[in-house]
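A quick write-up on the structure given underneath.
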Amino acid sequence: MYEGKIIKFYREKNKLTQEQLGKDICSVTHISKIECAQTKYAPEIISLLSKRLGINMELEVANFMNIKQRLLHWHDVIIMELFEEMNQIYYEFEIEELIQISEYNDMYQLLKAKYLLTYNKLNEANKIIKMMQKKESKLAPFESNLLKHILGINYLAKQEYIKVIQILKSIDNSIYKNPEYYYHLAVAYHTLKAPVLAYYYAERSHQFFKQINNYLRVIDAEMLMIIQIQGDTLDEEIINRFKNLIRSCELCNSPDRKSKVLHNLAYEYYRGKKYTEASKYYKESMSLKNSESSRFLLSLEGYIRSSLEESNSNIEELIHHAEHGLSVAKKYNYVLYIHLFKLLLYLLKSKEKEYHHYLYSKALPMFLKNGFTFLIERSKKELFNYYSKMKLNDQAMEIANLIVNA
């Protein structure tokens, strides 16, 4: 069944014509019909053709038939975030020539994009995604839904949260039986300050990760669930649950997840106006992150804001940190963090007028465009208080209308 495809592939790879391959073995017409699966053929013919091509047909067919199962296993490994095995399978497929003629090449390309997104290699992943979008109407149902999931992850990386929800909610879960995407939906809803929906989808992903015994992803989902039930005041039970998650990360030897839990614990202290504790945990979170990553910048911004609230803060040191953050943000075009660190520098240098002008004219429009709900709410309050203090009644009324209409 697959012998013809394999013969054609290796013949073209070796730059042989059908006539050259079939010389003294069979006719050009017979070679053509074998390659197109239009005729029966004797095993001896296949054996002679394989020998001339320098391949073991039995092994090639077995390998070809096993591609689908290997791809599905790779998908499971990517979901589990078993990095060592994930990487090994990736390298195996990179030298797997027969994937090009397999009916599962689309699945391979999509999983490769998902693999690259796992490592935040957005440019490489986007090349594949654009290629697959061009042939979206021709994709099989599973691959079509897999593409939607990958687009959702890609939008999440680009912080386009409304698009995340739109594309992930269009997945047909009767065809695409991978509840992992509920976690990505939960992250998007959380960022857009929809705690009920965020908790709902986080809990569904939590059940899935427990079902497949993936304790690292269980930590991810549980952390997201904890964040949704935060109250208006500092809650010791929430603090203890975060600290228990930190211990779980240590037991699982997962510094990456520990850095995320530390960041969220720091934010819990920040909300509770415990700025010394917030600074401490933001700093510990930063120590576990790549200093040029967007996640590092997120914790750095929190660290600077927390430290600024402390009476004994070293302003010059904080300015140095903010300038570093802005430099990294510009280097990698992290648009959100360019705005956040510019704002911090105005604050640290006591340039109140410039701070609020930039907030109103540059930062807030970007926050609104991308649906950064927390930053939108914080910005509106800051602008309203500033305009009221400066007796700029028209501007204060404009912001008040924005708050009411929101």
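Summary table below
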quantity	calculated
Helices (runs of 4 or more DSSP H) (entirely within the range 70-186) containing at least 2 residues that are within 20 Å of Ala221 (Cα to Cα)	105-118, 141-157, 161-168
Residues located in the range 37-59, provided they are in contact (Cβ under 8 Å) with a residue 24 or more places away in the chain, farther than 10 Å from Ile7 by Cα and either touching a Gly at 6+ places or on another chain (Cβ under 8 Å) or hydrophobic (A, V, I, L, M, F, W, C) (or both)	Ala37
In the range 81-117, the residues that are closer than 26 Å to Ile6 by Cβ and either in contact (Cβ under 8 Å) with a residue 60 or more places away in the chain or in contact with a strand residue (DSSP E or B) (Cβ under 9 Å, 6 or more places away or on another chain) (or both)	Glu97, Leu98, Gln100, Ile101
Residues of the range 332-372 satisfying the condition of being aliphatic (A, V, I, L, M) and under 17 Å from Asn385 (Cβ atoms)	Leu343, Leu347, Leu359, Ala363, Leu364
Count of the range 306-324 residues which are at pLDDT below 95 and under 27 Å from the mean Cα position of the chain (by Cα)	0
Test: Ser293 is touching a Cys at 6+ places or on another chain (Cβ under 9 Å) and either among the acidic types (Asp, Glu) or not assigned by TED's automatic domain parsing to the domain that holds Lys121 (or both)	no
Filter result for the condition that a residue is in contact with a Gly (Cβ under 9 Å, 6 or more places away or on another chain) and of a type outside the set (A, V, I, L, M, F, W, C), over His324, His320, His339, His263	His263
Number of the condition not met by Tyr346 [criteria: (1) aromatic (Phe, Trp, Tyr); (2) within 30 Å of Pro365 (Cβ to Cβ); (3) in contact (Cβ under 8 Å) with a residue 24 or more places away in the chain]	(3)
Single match in Glu81, Glu35 (criterion: at pLDDT below 85 and surrounded by 13 or more Cβ atoms within 10 Å (Cβ to Cβ))	Glu35
Some residue of the range 67-74 being under 30 Å from Lys177 (Cβ atoms) and of a type in the set (D, E, K, R)	yes
Matching residues, the range 325-342, being part of a helix (DSSP H, G or I) and of a type in the set (Phe, Trp, Tyr)	Tyr337, Phe341
Top-ranked residue of the range 209-241 - restricted to ones that are closer than 16 Å to Leu82 by Cβ and out of contact with any Cys (no Cβ under 8 Å at 6 or more places or on another chain), ranked as surrounded by the fewest Cβ atoms within 10 Å (Cβ to Cβ)	Asn213
Filter result (at positive phi and either without any contact (Cβ under 8 Å) to a residue 24 or more places away in the chain or not assigned by TED's automatic domain parsing to the domain that holds Asn405 (or both)) within the range 353-374	none
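The values are calculated or read from the model by the stated rules, or taken from the named source; none is laboratory data. Here the structure is a predicted model, which is why all the values come from computation and not from measurement. In this analysis, Cβ positions are derived from the backbone assuming ideal geometry, glycine residues included, and neighbour counts consider all displayed protein chains.
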